Amino acid sequence: MSWKENYTAWTNFAGLNQQLRGELEKIKNDQEAQEDAFYAPLEFGTAGMRGVLGAGINRMNIYTVRQATEGLALFMDTLDEKLKKRGVAISFDSRHHSQEFAHEAARVLGAHGIPSFVFESLRPTPELSFTVRHLKTYAGIMITASHNPKQYNGYKIYGEDGGQMPPKESDLITKFVRQANDLFNIKVADENDLQATGLMKIIGDEVDQAYLAEVDQVTINRDLVAKEGKTLKLIFSPLHGTGAVLGERALKQAGFTNFTMVKEQATPDPEFSTVTKPNPEDPAAFNLAIEHGKKEDADLLIAVDPDADRLGAAVRQPSGAYQLMTGNQIAAVMLNYILTAHQAAGTLPANAVAVKSIVSSEFATAIAKNYNVKMINVLTGFKFIAEQIKDYEQTKAHTFMFGFEESYGYLIRPFVRDKDAIQSLVMLAEVAAYYKSKGQNLYDGLQELFNKYGFFAEKTIALTFDGVEGATEINTLMAKFRKAAPKAFAGVSVAAMEDFSNSEKKTAEGTVTKIELPQANVLKYILTDGSWLAVRPSGTEPKIKFYIATEAQTQVEAVAKREQFADEILAFAKK
C-alpha cells in the first residue's frame, strides 16, 4: 500500500490505541509527517529494530512491537517442541513504553504457546544477554534504544548463546516479520491467563544475584582492591537508566565503597531530563558528574548509557579539571591492565586473544602484541565478537580475554555475549585503583602507554539524514566514496582501500586480495603513514559515520593529523 493508504487504514481502525489516535490527529494536516510515518515499515535487521516512538508502520508502537514478536514466534513455531518450550527472556529499559512493549511481546509469544520470562522491572541489556544463557531460553528480547535521544525506542533479539541472533536465524525472522503484515490482527493472549498457566513468568532478584556472582569474578587483584577500594573516590552516573539497578551493588560487592551516584541522574527517567543526549560518548553528559566530582575531589567519573551497555569516563587532573577519555583509550588502559595483572598472577593463557571491531583503534593491538596476545578484527556489531567467543569455546583455539568497540562498548568475561557496562564499571575502577596505588591516575597511565607504544588519536563523525530521502542520501554518499574517493588525504597517499561489500582489498598499485570477513557496507582507506579512515552507514540510526585514526611520535602531531583528515573527508562528503 502507499503511505496514504497506510495512513487511512490506521485512522479508520476503530480499535486503535487512544494515545496513537491522538498522535494521528496531530499530523492530520501535515503530509510530510504522514509520509515519513507510513511510507515504509520500520526496518527490521540483524540487530532488531529501532525508531522514533509514534503512530505508523515506520514508528515504534505496540503494533510494530507485536509484528516483530509475531515474526519471532512464527519462526519458533518451526522449531521442534523442545526448543520452542525453552521460551524467551524479556527485559526493558527506562524509556517511554518500554515496559508496555515488553509485556506486549510476552502476550504475542503466549498466544503461540511460547513461554516468556519477563523482568519485574527495568534491567540492563547485558543482564538480558546473561539471562538467556542462565535460564537456557531459546531467545531473548531487549526493549531499548540504547543511547538514542528520548523520542526513540527499540527492539533487539538475542540468540540462545546470549549474543544477538545470528544472520541465518535473523534473516528467517525478518521474513516472518514481513509476512505478519496485518498489524491490527496479530493475536495476543491475556496476561493474567498467561501468568496463571505459567506461560509468562516474572523474574527478578534471583537472576540479579546469579549475574552479580559472575560479575564478582571480573576482579583480578582482590588484594589491590581491598587496599585501594576504600579510598578511591568515584562518581557514578547511570544517566537515568538501568545502570542504577546493578551498578551500585556491583561496586560494593567488589570492594569499592567510597563512591556516590549522581543523585539527579540515579532515578530512571524516560525524559532524560538532565541531559540532551543520554550518551556517555557526549561530553555534555558528564556535566553533572563533573560538578559533583569537583565538590568531592573525586578521582574518577564514570557514566553508563540508559541500557548499561556503554561506559564513558573522566579523570581528575592536578588542576582539578576533568579529562574525558575516549572509548579507544578506555579500552587500551583496561586491556593493558588485564594482561599485566594476569601475567603477574601467572594466569595469562598461552592462547590468549582479544577481539575488536575493524573501526576501533590499533592502539590496543600494539598493547596485545607486546604480551604476545593475538588481536582479532571483526565487523562492527558486538554480535561478531560474540561469534568469535562461541567459536573459541568450541575449538579451544583461543582463550578470550577482552573485546571492545570504539563506541564505548567493552566485555571482560564472556558470561555475557554483548558489551557490558556493569562489568566494565568494576574493571575500570580496579584499573584506577592500580594506578592510585602507584601514585598516579588513569590519565597518567594512558600517557605511559602512549610513550611506550606511540601516540594514537581517533575521531568519529556522524552525519544525520532523516526522513523519507535519508536512506537514499546515505546510499548516494557511500557510492561516491566507493567510486570517486580521493587518492590522498591531507597529502598522505592512500595505500589500499578495503571494500567489505565485496570482501576485497585493493592496493594503489592495483593488487587485489580477499578480506576474510562477512560482507558489509563498509569502506576503509589505509594510508601510507599507517593512518586509516573508514566510512559506514549506522545500523541503528539514520546516519553515515566517518572514522579517522592516526598515529604519530607526539600527541600534538597525532591530533593535528587527525583534524586534517577529518576536514578533508567531510569536505569530500559535502561536495
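The values are calculated or read from the model by the stated rules, or taken from the named source; none is laboratory data. Quick caveat: nothing in here was measured; it's all calculated off a predicted structure. Don't worry about glycine lacking a Cβ; one is built from the backbone with ideal geometry, like all the others, and counts go over all protein chains shown. The accessibility values were calculated without ligands, DNA or RNA, using every heavy atom of the protein model including side chains. Shrake-Rupley method; radii C 1.70, N 1.55, O 1.52, S 1.80 Å.
Quick look at the numbers
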quantity: Count - residues of the stretch 287-308 that are over 17 Å from residue 268 (Cβ atoms), open to solvent by less than 10 Å² (accessible area, probe 1.4 Å) and in contact with a Gly (Cβ under 7 Å, 6 or more places away or on another chain); calculated: 1
quantity: Which listed residue is at pLDDT 95 or above, farther than 30 Å from residue 298 by Cα and in contact with a helix residue (DSSP H, G or I) (Cβ under 7 Å, 6 or more places away or on another chain), from 322, 371; calculated: 371
quantity: Leading residue by the ranking (least open to solvent (accessible area, probe 1.4 Å)) among those in the stretch 537-554 that are at pLDDT 90 or above and assigned to a loop (DSSP other than H, G, I, E, B); calculated: 554
quantity: Residue in the stretch 257-270 that is within 23 Å of residue 436 (Cβ to Cβ), in a helix (DSSP H, G or I), out of contact with any Cys (no Cβ under 6 Å at 6 or more places or on another chain) and open to solvent by 20 Å² or more (accessible area, probe 1.4 Å) present; calculated: no
quantity: Number of positions in the stretch 532-575 that are of a type in the set (S, T, N, Q) and under 25 Å from the mean Cα position of the chain (by Cα); calculated: 3
quantity: Failed condition for residue 56, given (1) open to solvent by less than 10 Å² (accessible area, probe 1.4 Å); (2) touching a strand residue (DSSP E or B) at 6+ places or on another chain (Cβ under 7 Å); calculated: (2)
quantity: Complete set of residues in the stretch 444-474 that are more than 30 Å from residue 371 (Cβ to Cβ), in a helix (DSSP H, G or I) and touching a residue at least 60 places away in the same chain (Cβ under 8 Å); calculated: 470, 471, 474
quantity: Residue 175 being open to solvent by 10 Å² or more (accessible area, probe 1.4 Å) and closer than 14 Å to residue 75 by Cα; calculated: yes
quantity: Residue match in the stretch 151-163 (condition: more than 30 Å from residue 273 (Cα to Cα), out of contact with any Phe, Trp or Tyr (no Cβ under 9 Å at 6 or more places or on another chain) and of a type in the set (S, T, N, Q)); calculated: no
quantity: Flag if residue 95 is closer than 29 Å to residue 124 by Cβ, open to solvent by less than 40 Å² (accessible area, probe 1.4 Å), touching a Leu at 6+ places or on another chain (Cβ under 7 Å) and of a type in the set (Lys, Arg); calculated: no
quantity: Within the stretch 380-404, considering residues that are under 19 Å from residue 332 (Cα atoms) and open to solvent by less than 10 Å² (accessible area, probe 1.4 Å), the one nearest to the chain's Cα centre (by Cα); calculated: 382
quantity: The stretch 303-329 residues that are free of Cβ contacts under 8 Å to residues at least 40 places away in the same chain and over 15 Å from residue 94 (Cα atoms), paired with ones that are among the small types (Gly, Ala, Ser) and open to solvent by less than 10 Å² (accessible area, probe 1.4 Å) (beta carbon under 9 Å, 6 or more apart); calculated: 314/289; 314/293; 314/303; 322/289; 322/293; 322/298; 322/314
quantity: Strands (runs of 3 or more DSSP E) (entirely within the stretch 333-434) containing at least 1 residues that are under 30 Å from residue 229 (Cα atoms); calculated: 352-357, 399-405, 409-411
quantity: Failed item in (1) touching a strand residue (DSSP E or B) at 6+ places or on another chain (Cβ under 7 Å); (2) open to solvent by less than 10 Å² (accessible area, probe 1.4 Å); (3) among the hydroxyl-bearing types (Ser, Thr, Tyr), with residue 211 passing the rest; calculated: (1)
quantity: Selection count where residues are modelled with pLDDT under 95 and not in a strand (DSSP E or B), scope the stretch 482-500; calculated: 8
quantity: Residue pairs meeting the criteria (Cβ under 7 Å; at least 6 apart or on separate chains; first closer than 20 Å to residue 220 by Cβ, in the stretch 383-401; second open to solvent by 50 Å² or more (accessible area, probe 1.4 Å) and basic (Lys, Arg)); calculated: 398/374
quantity: One residue from 156, 136 being within 18 Å of the chain's Cα centre (by Cα), farther than 21 Å from residue 190 by Cβ, open to solvent by 10 Å² or more (accessible area, probe 1.4 Å) and in contact (Cβ under 8 Å) with a residue 24 or more places away in the chain; calculated: 156
quantity: Residue within the stretch 504-518 that is open to solvent by less than 40 Å² (accessible area, probe 1.4 Å) and in contact (Cβ under 8 Å) with a residue 60 or more places away in the chain present; calculated: no
quantity: Qualifying residue in the stretch 214-230 (condition: under 30 Å from residue 49 (Cα atoms), outside any loop (DSSP other than H, G, I, E, B), among the aliphatic types (A, V, I, L, M) and open to solvent by 50 Å² or more (accessible area, probe 1.4 Å)); calculated: no
quantity: The stretch 276-294 residues that are within 15 Å of residue 261 (Cα to Cα) and of a type outside the set (Asp, Glu), paired with ones that are modelled with pLDDT under 95 and surrounded by fewer than 23 Cβ atoms within 10 Å (Cβ to Cβ) (beta carbon under 6 Å, 6 or more apart); calculated: none
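Condition check ((1) under 23 Å from residue 96 (Cα atoms); (2) aliphatic (A, V, I, L, M); (3) at pLDDT 95 or above) across all residues:
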| site | (1), (2), (3) |
| --- | --- |
| 18 | yes, no, no |
| 24 | yes, yes, yes |
| 39 | no, no, no |
| 42 | yes, yes, no |
| 46 | no, no, no |
| 56 | yes, no, yes |
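One line per residue, one yes/no per condition, for (1) out of contact with any Leu (no Cβ under 8 Å at 6 or more places or on another chain); (2) crowded, with 18+ Cβ neighbours inside 10 Å:
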residue: 453; (1), (2): yes, yes
residue: 456; (1), (2): yes, yes
residue: 462; (1), (2): yes, no
residue: 467; (1), (2): yes, no
residue: 470; (1), (2): yes, no
residue: 481; (1), (2): no, yes
residue: 491; (1), (2): yes, no
residue: 499; (1), (2): no, yes
